[in-house]
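Notes for the one structure printed next.
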Amino acid sequence: MTQDVYLTGITTTGTPHIGNYVGAIRPGIAASKDPATEHFYFLADYHSLAKNEDPDRIVQSTLEIAASWMALGLDTERAYFYRQSDIPEIPELTWILTGMTAKGLMNRAHSYKASVQANVESGNKDPDKAVTMALYSYPILMAADILMFKSTKVPVGRDQKQHVEMARDIAQRFNHHYGETFVLPEPVIGENTAVLKGLDGRKMSKSYNNAIPLFADEKRLRKLVMKIKTNSLEPGEPKDTSDSTLFDIYKAFATDDEVAAIEKRYAEGIAWGEMKQVLFEYINDHIKPARDEYERLISDAAIVEAELQKGAVKARELAAPFLAQIRDAIGIRKLG
Ligand code: TRP
């Protein structure tokens, strides 16, 4: 059996929050320690263009995401850690794959369909209003990310599963047409990774504006934890853990024994104010060492940049010869 190759892309549009940490960063770093597998983690900065992000926001987000993974201990010697735009072979492969992608396949992408739907619902004459080709072709760029490094497993959230399946379809069509070239990837949906709720009790997400930034400073972290929505039960009244954002977040950080102790305190009627204090202290203690390192990296971006450059060299050692093979297969070659 060949060993599994895991690949994870992170779009550079936001500031990492504790939901990203629990759902993607922490399991990603833990998985990268498994010597039986190979891991690729990259900053999908070309993907961020599909959302028309502000340039300064993209740079800042790139720095924050890269510094977060580094501060939390990603082993960049073992794993491949790079920025998509440092690998010119990726956009080149994107165009090659565009030739093997049915337009109808892209018409069916959920993200594109959602934009069209929104236009139709708001009575726009043009259903494609504000849809760029970057948004429309987004799955092809993602296919290039995945296929370039012969990924077998792609851990993604449910919203991205279809894109991995499209990468597989595109690879199959290419292989059929030009001969066996690409490895077929599979999406991996983290069934047991926690999805954290945000301040208002909905899923924690940048777009809901309900997120707690992973490395918020102590003062801000306290303020945000104090804002987490609770019900109106009084101190002393028994409380239900199954319907408590405070409890869910605590559980995502604490050990089983600690969780059991808190369950007991819920049953005894712990006051919400006190539970907020417990949660704040817990997260703060847990995050503090990494936060200190994060702050050091953020204030010296050259360290982060050097790491990304090292990662790009490593990644290109794989990408360049593979792309040469692909170009040859499709008849883009030197004459004579
Ligand atoms: N589209 C993914 C997201 O928004 C990010 C991404 C880009 C990605 N390329 C990828 C994820 C390749 C997995 C594999 O979350």
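The values are calculated or read from the model by the stated rules, or taken from the named source; none is laboratory data. If you're wondering where the values come from, they're calculated on a predicted model, not measured in any experiment. For neighbour counting, all protein chains shown are included, and Cβ atoms are generated from backbone atoms with ideal geometry for every residue, glycine included. The accessibility values were calculated without ligands, DNA or RNA, using every heavy atom of the protein model including side chains. Shrake-Rupley method; radii C 1.70, N 1.55, O 1.52, S 1.80 Å.
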State whether the residues of the range 131-148 include one that is under 19 Å from the mean Cα position of the chain (by Cα), closer than 29 Å to N284 by Cα and crowded, with 21+ Cβ neighbours inside 10 Å. no
Select from the range 89-101 the residues that are touching a helix residue (DSSP H, G or I) at 6+ places or on another chain (Cβ under 8 Å) and open to solvent by 60 Å² or more (accessible area, probe 1.4 Å) and list them in ascending order. E92
Which one of G201, G104 is over 20 Å from the mean Cα position of the chain (by Cα), at pLDDT 95 or above, open to solvent by 20 Å² or more (accessible area, probe 1.4 Å) and more than 16 Å from the ligand (Cβ to nearest atom)? G104
Check whether at least one residue in the range 122-134 is in contact with a Lys or Arg (Cβ under 8 Å, 6 or more places away or on another chain) and not assigned by TED's automatic domain parsing to the domain that holds H176, and report yes or no. no
Can you name every residue in the range 1-24 that is within 13 Å of the ligand (Cβ to nearest atom) and under 20 Å from A315 (Cβ atoms)? V5, Y6, L7, T8, G9, I10, T11, T12, A24
Provide a single number: the residues in the range 304-336 that are under 22 Å from Y80 (Cβ atoms) and among the β-branched types (V, I, T). 3
crowded, with 20+ Cβ neighbours inside 10 Å and of a type outside the set (D, E), is that true of Y80? yes
Tally up the residues in the range 204-219 that are open to solvent by 90 Å² or more (accessible area, probe 1.4 Å) and within 16 Å of the chain's Cα centre (by Cα), please. 2
Every pair of residues 6+ apart whose Cβ atoms lie under 8 Å, when the first sits in the range 38-52 and is farther than 14 Å from I140 by Cα while the second is of a type in the set (D, E, K, R) and within 9 Å of the ligand (Cβ to nearest atom): F42/D145
Taking the range 287-336 on its own, how many of its residues are touching an Asp or Glu at 6+ places or on another chain (Cβ under 6 Å) and not in a helix (DSSP H, G or I)? 0
Do you know which of the residues in the range 151-164 that are in a helix (DSSP H, G or I) and exposed (fewer than 15 other Cβ atoms within 10 Å of the Cβ) is farthest from the ligand (Cβ to nearest atom)? R158
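This table checks each residue for (1) over 17 Å from the mean Cα position of the chain (by Cα); (2) crowded, with 21+ Cβ neighbours inside 10 Å; (3) touching a residue at least 24 places away in the same chain (Cβ under 8 Å).
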{"position": "D4", "(1), (2), (3)": "yes, no, yes"}
{"position": "T8", "(1), (2), (3)": "no, yes, yes"}
{"position": "G14", "(1), (2), (3)": "no, no, yes"}
{"position": "G19", "(1), (2), (3)": "no, yes, yes"}
{"position": "I65", "(1), (2), (3)": "no, yes, yes"}
{"position": "A71", "(1), (2), (3)": "no, yes, yes"}
{"position": "D86", "(1), (2), (3)": "yes, no, yes"}
Out of (1) free of Cβ contacts under 8 Å to residues at least 24 places away in the same chain; (2) not assigned by TED's automatic domain parsing to the domain that holds T94, what's the single condition that is false for E237? (1)
Please verify whether D126 is modelled with pLDDT of 95 or more, among the charged types (D, E, K, R) and open to solvent by 40 Å² or more (accessible area, probe 1.4 Å), treating the condition exactly as stated. yes
Name the pairs whose Cβ atoms lie under 7 Å apart, with the first residue in the range 276-301 and closer than 12 Å to A216 by Cβ, the second in a helix (DSSP H, G or I) and open to solvent by 70 Å² or more (accessible area, probe 1.4 Å), and 6 or more positions between them or separate chains? F280/R222; N284/E218
The correct count of residues that are open to solvent by 80 Å² or more (accessible area, probe 1.4 Å), closer than 25 Å to G23 by Cβ and more than 28 Å from the chain's Cα centre (by Cα) in the range 223-269 is 3
Filtering the range 39-57 down to residues that are at pLDDT 90 or above and open to solvent by 60 Å² or more (accessible area, probe 1.4 Å) yields Y46, L49, D54, P55, D56, R57
